[in-house]
Amino acid sequence: LIREDLNVPVKGGKVTSDARIRASLPTVKAAKEAGASVMLMSHLGRPEEGVYDEAASMKPVAEHLSTLLGQEVRLVKDYLDGIEVSDGEVVLFENVRFNKGEKK
């Protein structure tokens, strides 16, 4: 489980500056090369704590990561009770600030 700073600008459902995403790539690739199944988490924007807001969804980040890594990055919306991750898979948890207690 890797917490990255993937708080990037998004406009119209597309990432407009990917510097932070690109900065995370060496860590993600190193974990994959070591045989890990990679689970990523981050926040995006400042949504109301505990409330889902589609405008602050990590979906555009997952799509952009998929392109950069050359493999699907699955967006996981419900992860608090645990999830299954396949060998070599990369998953991105939905915006952690949608959870109570994740204000800052």
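Being out of contact with any Lys or Arg (no Cβ under 9 Å at 6 or more places or on another chain), among the hydrophobic types (A, V, I, L, M, F, W, C), within 16 Å of Phe98 (Cα to Cα) and at pLDDT below 95, is that true of even one residue in the range 26-36? So that I can check it myself, show each step before the final result.
Residues of the range 26-36 out of contact with any Lys or Arg (no Cβ under 9 Å at 6 or more places or on another chain): 26-36.
Applying the additional criterion that residues be among the hydrophobic types (A, V, I, L, M, F, W, C) yields 28, 30-31, 34, 36.
Now restrict to residues that are within 16 Å of Phe98 (Cα to Cα): none.
No, the range 26-36 contains no residue that is out of contact with any Lys or Arg (no Cβ under 9 Å at 6 or more places or on another chain), among the hydrophobic types (A, V, I, L, M, F, W, C), within 16 Å of Phe98 (Cα to Cα) and at pLDDT below 95.
Quick one: which of Arg20, Arg46 is at pLDDT below 95, among the basic types (Lys, Arg) and under 24 Å from Phe98 (Cα atoms)? Spell out how you get there, then give the answer.
Numbers: Arg20 fails: at pLDDT below 95.
From the options Arg20, Arg46, the qualifying one is Arg46.
Is there a residue in the range 48-55 that is of a type in the set (Phe, Trp, Tyr) and either under 14 Å from the mean Cα position of the chain (by Cα) or closer than 17 Å to Ile2 by Cα (or both)? Show your work before the answer.
Let us first name the residues in the range 48-55 that are of a type in the set (Phe, Trp, Tyr), namely 52.
Restricting the remaining residues to those that are either under 14 Å from the mean Cα position of the chain (by Cα) or closer than 17 Å to Ile2 by Cα (or both) gives none.
The answer is no, given that none of the residues of the range 48-55 is of a type in the set (Phe, Trp, Tyr) and either under 14 Å from the mean Cα position of the chain (by Cα) or closer than 17 Å to Ile2 by Cα (or both).
Considering only residues that are of a type in the set (Val, Ile, Thr) and surrounded by fewer than 18 Cβ atoms within 10 Å (Cβ to Cβ), look in the range 77-94 and name the one that is farthest from Leu25 (Cα to Cα).
Going through the range 77-94, the residues of a type in the set (Val, Ile, Thr) turn out to be 83, 85, 90-91.
Next, from what is left, pick out any that are surrounded by fewer than 18 Cβ atoms within 10 Å (Cβ to Cβ): 83, 85.
Values: Ile83: 23, Val85: 19 Å.
Here the residue is Ile83.
Does Pro60 count as surrounded by 12 or more Cβ atoms within 10 Å (Cβ to Cβ), touching a Lys or Arg at 6+ places or on another chain (Cβ under 7 Å), in contact (Cβ under 8 Å) with a residue 24 or more places away in the chain and part of a helix (DSSP H, G or I)?
Numbers: surrounded by 12 or more Cβ atoms within 10 Å (Cβ to Cβ): yes; touching a Lys or Arg at 6+ places or on another chain (Cβ under 7 Å): yes; in contact (Cβ under 8 Å) with a residue 24 or more places away in the chain: yes; part of a helix (DSSP H, G or I): yes.
Yes; evaluated as a whole, the condition is true for this residue.
Looking only at the range 14-33, decide whether some residue is under 17 Å from Leu1 (Cα atoms) and not in a helix (DSSP H, G or I).
No, every residue in the range 14-33 fails to be under 17 Å from Leu1 (Cα atoms) and not in a helix (DSSP H, G or I).
The values are calculated or read from the model by the stated rules, or taken from the named source; none is laboratory data. Just so we're clear, the structure is a prediction, and the values are computed from it rather than from any experiment. Quick reminder, even Gly has a Cβ in these numbers, built from the backbone with ideal geometry, and neighbours come from all protein chains shown.
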